[in-house]
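Enquirer: Here it is, the structure, as structure tokens.
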Amino acid sequence: MGSNADSSSRRSRRNTPPDAPPVVLPHVVITAAETDALEVTVDGAAFPPPAEGQAWTRGTFGALLDAITKDRTVAVRIEVRESDGTVFTDLIHARKPTPPESAETEPRQPGGKHTKPKQAPELVEVTGEGFVPGEDIAVALIVAHTDATGTGHARALLDARRLAGLLDDGAGEVVLLGRVSGTVQVRRQP
């Protein structure tokens, strides 16, 4: 009797119906050659580059991840096999799609006397180098994340209004942290 209660208790804690199929992520295998070329398969099927006559390379790693994940709308399991036998695995999580900007397409609705008009954000650019192409970059005061470009550079656009209070309090530094490489870039903001 205790085992049935334990079983149903576990099911209710996970909120998973007993007959629900398991979650399966696409499995991406990227095999790197010494020539910088990448051979890519998704669930065992070849994943060709976007244009005939081109090849996936380390320099196109970010574009490759975007193509496989459909601009990060699909979560995938990535396995990178280096030519020296080293294997790296990671999960690329899907991001919530950004809602379309309706302010420009829809007429403004009259608001109450306390409604404030939305202002466009004033962006501050923070850059750094030395990251692994395509790696996830943490932006701290952790207010955002960005990805490294195909050349290993990172770029983050931050809302200056959101940072104003934090920077006025003496926290005038922004940190870029490579989640794979461990590269840390600290930038002082004016």
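The values are calculated or read from the model by the stated rules, or taken from the named source; none is laboratory data. Being a predicted model, the structure only gives us computed values, none of them experimental. Neighbour counts run over all protein chains shown; Cβ positions are idealised from the backbone, glycine included.
Enquirer: So, in the stretch 50-86, how many residues would count as being under 18 Å from Pro26 (Cα atoms) and part of a loop (DSSP other than H, G, I, E, B)?
Expert: 7
Enquirer: A further question on this structure: Restricting the search to the stretch 24-39, which residues are of a type outside the set (D, E, K, R) and either in contact with a Ser or Thr (Cβ under 7 Å, 6 or more places away or on another chain) or under 17 Å from Ala75 (Cβ atoms) (or both)?
Expert: Within the stretch 24-39, Val24, Leu25, Pro26, His27, Val28, Val29, Ile30, Ala32, Ala33, Ala37, Leu38 meet the criteria.
Enquirer: May I ask you to verify whether Thr89 is in contact with an Asp or Glu (Cβ under 8 Å, 6 or more places away or on another chain), modelled with pLDDT of 75 or more and assigned to a strand (DSSP E or B)?
Expert: So Thr89 fits the description; yes.
Enquirer: In the set Pro190, Pro133, Pro121, Pro97, which member is in contact with a helix residue (DSSP H, G or I) (Cβ under 9 Å, 6 or more places away or on another chain) and modelled with pLDDT under 70?
Expert: None of the others qualify; the one that does is Pro190.
Enquirer: Under 7 Å between Cβ atoms, at least 6 apart or on separate chains: pull out the pairs that start in the stretch 56-74 with a residue that is in contact (Cβ under 8 Å) with a residue 40 or more places away in the chain and end on any residue that is crowded, with 17+ Cβ neighbours inside 10 Å and of a type in the set (Val, Ile, Thr).
Expert: Cβ pairs passing all conditions: Leu64/Val40; Leu65/Ile92; Ile68/Val28; Ile68/Val76.
Enquirer: I'd like to know if the stretch 36-53 contains one or more residues that are modelled with pLDDT of 90 or more, over 20 Å from the mean Cα position of the chain (by Cα) and under 24 Å from Ser181 (Cβ atoms).
Expert: For the stretch 36-53, residues modelled with pLDDT of 90 or more, over 20 Å from the mean Cα position of the chain (by Cα) and under 24 Å from Ser181 (Cβ atoms): present.
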